[in-house]
Amino acid sequence: MKVILIKYGELITKKGNRKFFIKKLEENLRHKLKKFDIKIQIEISRMTIEFLDSDLKEIEKVIQNTFGIYKYHIAECVDTNRESIEQKVLEISQNKDFHTFKIEVKRSDKTFPISSLEYAKILGGIILKNKKNISVDVHQPEITITVEIKHGVSYVYTDSILGSGGYPVGTQEKGLLMLSGGIDSPVAGYLAMKRGIRVDAVYFEAIPHTSLEARNKVIELTKKLVQYTNCMHLYIVPFTQIQEEIYKNCNPDYCITIMRRMMYRIMEELVKKFQAKVIINGESIGQVASQTLVSMNVINAVTHIPVIRPVACLDKLEIMDIARKIDTYDISILPYEDCCTVFVPKHPVIHPRLDMCVKMEEKIPYQEMIQKCVEEVQVLKITDQEESDFSSLL
C-alpha cells in the first residue's frame with residue numbers, strides 16, 4: 001500500500017499553537033479532497049493520506065496548491081520487520097535507473113534492534129550485492145532511498161516533492177484584496193494567502209469607461225486564486241460617478257492620487273461591512289507614480305485600516321515570475337483597461353502634497369457617493385469545487 005507523507009515545515013515552530021495550525025491544514029485538505037476516497041491521519045510531525053492509486057495525480061494537484069505543506073513523499077508502507085523492509089528497498093532499487101545512491105534510515109521505533117546508521121549500511125550492502133555498476137555517494141547521489149522505521153508500519157520512499165509552504169489559509173482572519181486585473185494584485189493575493197490570510201477581492205468598476213471584458217478578467221483571476229483556498233467573494237464596486245467627478249474637478253496630475261484616496265476610503269467601509277481586518281494590494285515601491293513613498297503616505301492618510309503590500313519590495317520581473325507560476329499572467333496581460341489605467345494623465349504627480357489633495361477633494365461630495373458605492377456593491381461567490389457561471393453579468 002502507498003500513502004502520501006506530508007511534512008509541515010514551518011508549522012512545527014508554532015509550539016503551543018501547533019495543533020491549531022495542523023488542524024486547519026487538515027480541515028483544508030479534507031474540504032479539497034472530499035470527492036476522493038481518502039483517509040487522513042495526523043501525527044505531531046507529519047500527516048499521512050491513504051488514497052486510491054487512480055486518484056494520485058488529482059490529489060497531488062490539490063496538495064501542491066495547499067498552503068502549510070513544506071514537502072511530501074509518495075511512500076510504500078511495509079511491516080516493521082527486517083524482511084519486509086529489505087525486500088521493499090531491494091524492489092525499489094531494482095525498479096529505478098541510477099548509478100549512485102544513498103540510504104537514509106530514520107528510526108523512531110527504538111525497539112527495532114539495529115541503529116539507523118548501522119541499518120543504512122546493511123541496506124546499502126544489499127543493494128550493492130544485487131545491482132551492478134552502481135556505487136554509494138553520500139554527498140550528491142542520483143537517488144536517495146529513505147526508510148522511516150516506526151511502530152507497526154514503516155515507510156520507504158525515494159522522491160521528496162516541495163509543497164507551497166506558508167501557513168494554512170484560515171489561520172489568520174480575513175483581508176480584502178484590491179484586485180485590479182493587472183499583474184501585481186493577483187500575486188499579492190496569492191502571497192497573502194500563503195501567510196494564512198483568508199482573502200476576498202474588491203474590483204473597482206467604471207462602466208462605460210471600463211468594459212465587461214475587464215470585469216471578466218477579474219472574475220477569471222479570482223477563479224485562479226480560489227484554487228489556493230476554499231471560497232472567495234468578489235465585491236464589484238460601481239466607481240463611475242466618483243471617477244468622473246475626480247476628472248471633472250481636480251488637477252489632472254493629481255487625479256490618480258485622489259482616485260486612490262477614494263478607493264481607500266471605500267475599502268475601509270468594505271472592511272467594516274464584511275468584517276475583514278486588513279486591506280491588501282499589489283503596490284510595488286516606485287513602480288508607478290502612485291507608488292512612491294510620498295504618494296503612498298498621502299494616499300494611506302485617509303484610512304486607519306492596516307494595509308498589507310506583499311509585493312512592495314519585489315521588482316517587476318520577480319512579480320511576473322510568480323504570476324506565471326500561479327497561472328495568472330496570461331489573464332492579467334489581456335488588453336482590457338481598469339480604473340487605474342483608463343484615465344492616466346501624461347505627468348502624474350510623484351510627490352503629491354496632502355493639503356493640495358484635501359483642497360481638491362472639497363469640490364467633490366464624495367462622502368455621499370462613497371456610501372452609495374458601498375450600498376450598491378455587487379457580490380459574487382466563487383468556490384474551488386465547481387465552475388461558477390457568471391455569463392449573465394457579462
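Reported count of residues in the stretch 31-78, each being surrounded by 16 or more Cβ atoms within 10 Å (Cβ to Cβ), in a loop (DSSP other than H, G, I, E, B) and over 22 Å from the mean Cα position of the chain (by Cα), is 2.
Please give the helices (runs of 4 or more DSSP H) falling wholly within the stretch 275-359 in which 1 or more residues are under 24 Å from the mean Cα position of the chain (by Cα) and aromatic (Phe, Trp, Tyr).
Numbers: elements: 293-300, 316-325, 329-332, 339-342.
Answer list for the stretch 275-359: 329-332.
Inspect all residues belonging to the stretch 308-329 and state whether any of them is closer than 21 Å to GLU205 by Cα, at pLDDT 95 or above and touching a helix residue (DSSP H, G or I) at 6+ places or on another chain (Cβ under 6 Å). Checking the stretch 308-329: at least one residue is closer than 21 Å to GLU205 by Cα, at pLDDT 95 or above and touching a helix residue (DSSP H, G or I) at 6+ places or on another chain (Cβ under 6 Å).
Scanning the stretch 199-254 for residues that are crowded, with 16+ Cβ neighbours inside 10 Å, touching a Ser or Thr at 6+ places or on another chain (Cβ under 6 Å) and in contact (Cβ under 8 Å) with a residue 60 or more places away in the chain turns up ALA206, LEU221, LYS224, MET232, LEU234. Whether any residue in the stretch 175-186 is among the small types (Gly, Ala, Ser), in contact with a Ser or Thr (Cβ under 7 Å, 6 or more places away or on another chain) and either at negative phi or surrounded by fewer than 18 Cβ atoms within 10 Å (Cβ to Cβ) (or both) is what I want to check. Checked against the condition, which is being among the small types (Gly, Ala, Ser), in contact with a Ser or Thr (Cβ under 7 Å, 6 or more places away or on another chain) and either at negative phi or surrounded by fewer than 18 Cβ atoms within 10 Å (Cβ to Cβ) (or both), the stretch 175-186 yields at least one hit. Within the stretch 86-121, if we keep just the residues that are in contact with a helix residue (DSSP H, G or I) (Cβ under 8 Å, 6 or more places away or on another chain) and of a type in the set (A, V, I, L, M), the residue that is surrounded by the fewest Cβ atoms within 10 Å (Cβ to Cβ) turns out to be ILE114. Based on this model, can you work out whether CYS357 counts as under 22 Å from GLU268 (Cα atoms) and not acidic (Asp, Glu)? Spelling it out, CYS357 is indeed under 22 Å from GLU268 (Cα atoms) and not acidic (Asp, Glu). Restricting to the stretch 125-163, what's the tally of residues that are small (Gly, Ala, Ser) and either over 17 Å from LYS88 (Cα atoms) or surrounded by 13 or more Cβ atoms within 10 Å (Cβ to Cβ) (or both)? Total satisfying the criteria: 4. Of the strands (runs of 3 or more DSSP E) that lie entirely inside the stretch 158-264, those containing 1 or more residues that are under 19 Å from ASP321 (Cα atoms) span 161-165. Pairing each residue of the stretch 25-47 that is in the same structural domain as TYR155 (by TED's automatic domain parsing) and under 14 Å from TYR8 (Cβ atoms) with any residue that is among the basic types (Lys, Arg) and surrounded by 16 or more Cβ atoms within 10 Å (Cβ to Cβ), provided the two are 6+ apart or on different chains, yields C-beta distances under 7 Å for ARG46/LYS7.
Looking only at the stretch 207-263, which residues are of a type in the set (D, E, K, R) and either touching a strand residue (DSSP E or B) at 6+ places or on another chain (Cβ under 8 Å) or not assigned by TED's automatic domain parsing to the domain that holds TYR366 (or both)? The answer is ARG215, LYS223.
The values are calculated or read from the model by the stated rules, or taken from the named source; none is laboratory data. Note that the coordinates shown come from a computational prediction; the quantities given were computed from them, not determined experimentally. Neighbour counts run over all protein chains shown; Cβ positions are idealised from the backbone, glycine included.
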